[in-house]
Amino acid sequence: MNLYKKSLSRFSALVESLEQIPTIGRKSAQKIAYLLAIENKYLALKLAHCIETSIQHISTCSVCGAVSENELCEICLDDSRDDTKLCVVLHPKDIFTIEEMGDFDGKYWVLSPELEQIDFAQVRTRIISRRIREMIFAFSPSLANDAVMLFIEDRLQDLPLHFSKIAQGVPTGIGLENIDQLSLSRALSARVKL
């Protein structure tokens, strides 16, 4: 078996590369590798071409940090969106999730992974020039994320901004035994009257 496995170095390299993708384990990587190398070579070539063109043409928006194929994303260019609302997210992929709902009509700001790298002078200029009135933090609940929100709020406290964060609590259809204590505690403290 070892000799057979050694003779398939290219296949093994493909499996190992696929395993680097988050949520793909060894068995899934082997299935995908087999599909691409044996069962559907056309799909493999199409996928390779899409990956190559994506690497060449996709980056992030120079204003908000969203995924974009141009210097400015379509959200920043869209004059019909509400410039007074700025939704702060931790990752560009978070914008996909919010946009999929279709409920938010404002603009975005993707935070730099390193807080020290945030250019607050540039952020202030954007807030003032766009007349932003509300900054909405769309973070998952954690003490670290709460600290990030407080840090940003502190740095921008002199501006006429209303700071808010997305509601947290009990997700629909989940039993109480499956909810972490922090989420349940926040849901109880933020309860609404019927």
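Suppose R0 equals 35 Å; then what is the FRET efficiency for residue 147 and residue 60 from their Cβ-Cβ distance, rounded to the nearest 0.05?
It comes out at approximately 0.90.
Return the aspartates and glutamates within reach of residue 6: Cα separation strictly under 16 angstrom, same-chain partners fewer than 8 residues apart disregarded; answer none if there are no such residues.
Answer for residue 6, where 16 Å is the Cα cut-off: 16, listed by chain and number.
With all protein chains present, calculate the accessible area of residue 128 using a 1.4 Å probe and round the result to the nearest 10 Å².
110
How far is the Cα center of the range 18-41 from the Cα center of the range 62-136, in Å?
Their Cα centres are 35 Å away from one another.
Would you mind working out the accessible area per residue for the chain, using a 1.4 Å probe, and quoting it in Å²?
Value returned for the chain: 71 Å² of accessible area per residue.
Which percent of the accessible heavy-atom area of the range 1-101 goes to carbon and sulfur, probe 1.4 angstrom? Provide the component values of the computation, followed by the final result.
Details: 4370 of 7550 Å².
The nonpolar share, carbon plus sulfur, comes to 58 percent.
Kindly state, to the nearest 0.05, the FRET efficiency for residue 155 paired with residue 184, given R0 = 35 Å and r defined as their beta-carbon distance.
With a Förster radius of 35 Å, E is 0.65.
Could you rank 135, 101 by how accessible they are, 1.4 Å probe, largest area first?
101, 135
Residue 96: accessible area at probe 1.4 Å, nearest 10 Å²?
So the heavy atoms of residue 96 present about 120 Å² to solvent.
What lysines could a cross-link reach from residue 165, if we take a straight Cα to Cα line under 22 Å and drop same-chain neighbours fewer than 8 places away?
85, 93, 107, 193
Could you calculate the contour length gain from residue 49 to residue 96, that is, 0.36 nm times the residue separation minus the distance between their Cα atoms, to one decimal place in nm?
14.6 nm
The values are calculated or read from the model by the stated rules, or taken from the named source; none is laboratory data. Because the structure is predicted, anything quoted here is derived from the model rather than measured. Note that we place each Cβ from the backbone using ideal geometry, even for glycine, and neighbour counts take in every protein chain shown. Only protein heavy atoms, including side chains, enter the accessible area calculation; ligands, DNA and RNA are left aside. Shrake-Rupley method; radii C 1.70, N 1.55, O 1.52, S 1.80 Å.
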